[in-house]
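*Asks:* Below is one structure. I have some questions about it.
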Amino acid sequence: MLPFRLLLFLLGIIILIIIIINNPHEVGFQIFFWKSTYRLYEIILFGIIYGAILYIILINLIKNSIR
């Protein structure tokens, strides 16, 4: 029997792979004067990696402030 957290992680990876495979479309966006076009899966992966880094930093800050 797999631990519950590992099961949720694997389920999330499977859902992410399905989303990436089904969305190869290009997305254009404009922020102020900067225009760019990326594939949708690049934006999704960037968001996940950025969120994971922020999560790790914030958890460490919270743990250090409690001590």
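The numbers here are math on the coordinates, done by the rules we state, and not lab data. Not measured: the values here are computed from a predicted model. Please note: Cβ atoms are built from the backbone with ideal geometry, for glycine as well, and neighbour counts cover all protein chains shown.
*Asks:* Using the Karplus equation 6.51 cos²θ - 1.76 cosθ + 1.60 (θ = phi - 60°), what ³J(HN,Hα) coupling, rounded to whole Hz, does each residue of the stretch 22-38 give in order, writing x for Gly and Pro?
*Replies:* Ordered by residue, 3J(HN,Hα) equals 8, 10, x, 5, 8, 10, x, 8, 10, 10, 6, 9, 9, 10, 7, 10, 10 Hz.
*Asks:* Calculate, axis by axis, the spread of Cα positions in the chain along the three principal axes, and write the results as whole Å, longest axis first.
*Replies:* Computed over the chain, the largest-to-smallest principal extents equal 45, 36, 8 Å.
*Asks:* Karplus couplings for the stretch 40-47 from phi (6.51 cos²θ - 1.76 cosθ + 1.60, θ = phi - 60°), rounded to Hz, Gly and Pro as x?
*Replies:* After applying 6.51 cos²θ - 1.76 cosθ + 1.60, I find 4, 5, 5, 5, 4, 5, 4, x Hz.
*Asks:* Also: What are the chymotrypsin sites (Phe, Trp or Tyr not before Pro) within the chain that DSSP puts in a loop, where the Cβ has at most 13 other Cβ atoms within 10 Å?
*Replies:* Phe32, Phe33
*Asks:* On to the next question. Can you list residues from other chains, or at least 5 along the same chain, whose modelled amide H is less than 5 Å from the amide H of Val27?
*Replies:* Placed amide hydrogens put Tyr38, Arg39, Leu40 under 5 Å from Val27.
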